[in-house]
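Everything on this sheet refers to the single structure shown next.
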Number of protein chains: 2
Amino acid sequence: MVSTAVRFLSSIAAEASSLCAEPPVAVAFAPAEDQAFMRLALDEARRGDYPFGAVIVRDDKVIARGRNLGKVHDDPTAHAEMTAIRRCVADHGSAVLRGSTLYATGEPCPMCMGAIIWCHVGRLVFAAATKINQIMVPCADIAANAPFASITIKAGVLADEAMKLFDN
Amino acid sequence: MVSTAVRFLSSIAAEASSLCAEPPVAVAFAPAEDQAFMRLALDEARRGDYPFGAVIVRDDKVIARGRNLGKVHDDPTAHAEMTAIRRCVADHGSAVLRGSTLYATGEPCPMCMGAIIWCHVGRLVFAAATKINQIMVPCADIAANAPFASITIKAGVLADEAMKLFDN
């Protein structure tokens, strides 16, 4: 199932890169760096109410972390990506998000992808797409319909590890 | 231009109602009540950083209000609908949102519509769709791809008044 997911994600990644008319704003990390930052997002996911985590990176440094806090905060919008973005805005203001890279263990839902777009995150890296109780709109579709923003999307980084979190 | 917008919105409304397989959860307000609550949302919009406002109604009472606070809070995610939802969650918890009605002066973007879906708002009423610097995904498309949620959408209530806010 996981290999199918990875193939699906690869097709999304290929599609996403073709959808971005503008060149990427964010620095293109090497795969090893992508994996290292994704492991931090996975650490967040393990502590979440649901196993989703995110980190935001700028200039090779993590500037915000987030995990799903939907239950503990009684807030259905407290997805990992939203939590990380809110913390980033609270701690640093919004300007640092422009051109940053956001790592998410799950494919962002339209709510989170919309927030990522509005904050002008330059690069999105996610691990796996989960399909249970999700809003089934690919994040690449949201990006493709935001002509004012430029973002590149990479999918499938440590997808197997992200999917395993749902086995528990 | 406004009449074109209203025709467009009417087609969205017709499409949205056909997309909802489940019966609506929220009470169906009479048009006069919809207009009265939309006027409160328009009042919020007039005070926003950008002219967008929202109110959330439950049992014929306004339980939360919001306006765009993107500039004043330096938060690109502080759209009117998100502001209203966050206030509602902070003041009342999330349970009251389930089956509530959200009035928005603008068609919710994917971020806001995602939040509306995750909170199980039962009915969305919006005035007008603006097309400048928007993520061009209709809110009805987001709703149609969320099989776990049930929401009805009504568009075009006081659309002319909402559009006039952009003239200033």
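All of the numbers you see were taken from the coordinates with simple rules; none came from a lab. Predicted model, so just to flag it, every value in this text is computed and none were measured. Here the Cβ positions follow ideal geometry from the backbone for every residue, glycine too, while neighbour counts run over all protein chains shown.
Our coupling estimate for the stretch B:64-77, obtained by passing each phi through the Karplus curve with A = 6.51, B = -1.76, C = 1.60 and θ = phi - 60°, is 6, 10, x, 9, 5, 10, x, 7, 5, 9, 6, 9, x, 8 Hz, Gly and Pro reported as x.
Can you tell me how much longer the chain between B:H73 and B:F148 gets when fully stretched, taken as 0.36 nm per residue apart minus their C-alpha distance, in nm with one decimal?
23.7 nm
Counting beta carbons within 10 Å around each of A:E81, B:E107 and listing the fewest first gives the order B:E107, A:E81. When a/c is below 1.5 the answer is rounded, else prolate if a/b is larger than b/c, else oblate, so apply that to the stretch A:52-168 with a ≥ b ≥ c taken from the square roots of the Cα gyration tensor eigenvalues. Here the stretch A:52-168 falls in the rounded category. Each residue of the stretch A:80-94 is assigned a 3J(HN,Hα), and the resulting list reads 4, 5, 5, 4, 5, 5, 4, 5, 4, 4, 5, 8, 10, x, 8 Hz, derived from the Karplus form 6.51 cos²θ - 1.76 cosθ + 1.60 (θ = phi - 60°), x at Gly and Pro. Within the stretch B:73-127, all pairs of alpha-carbon atoms sorted by distance into 10 Å bins from zero give the percentages 25, 60, 15, 0. Most simply put, the stretch A:52-168 has about 55% antiparallel DSSP beta bridges, counting only bridges with both residues inside it.
Structural descriptor for the stretch A:55-168: relative contact order 22 percent, calculated from alpha carbon pairs under 8 angstrom and at least 6 residues apart. The residue in chain A that lies nearest, by its beta carbon, to the axis linking chain A with chain B is given here with the distance in whole angstrom as A:P110, 2. Relative to the current alpha-carbon distance between A:D160 and A:K131, full extension at 0.36 nm per residue lengthens the span by 9.0 nm. Taking the Cα centre of the stretch A:41-155 as origin and assigning +1 to Lys and Arg Cβ atoms and -1 to Asp and Glu Cβ atoms, the resulting dipole is close to 160 debye. Computed from backbone phi, the HN-Hα couplings of the stretch A:145-161 come to 9, 10, x, 7, 10, 10, 8, 10, 10, 10, 10, x, 6, 6, 4, 4, 5 Hz, rounded to whole numbers (Karplus: 6.51 cos²θ - 1.76 cosθ + 1.60, θ = phi - 60°; Gly and Pro given as x).
Residues whose amide H comes within less than 5 Å of that of A:F126, counting only those at least five positions distant or on another chain, are A:A104, A:K154, A:A155, A:G156, A:V157 (H built at 1.01 Å from N in the peptide plane).
Here the stretch B:141-168 and the stretch A:95-143 have alpha carbon centers that stand 23 Å from each other. Distant-in-sequence amide contacts of B:Y50, defined by a placed amide H-H separation under 5 Å and a gap of 5 or more residues or a different chain, comprise B:N68, B:G70.
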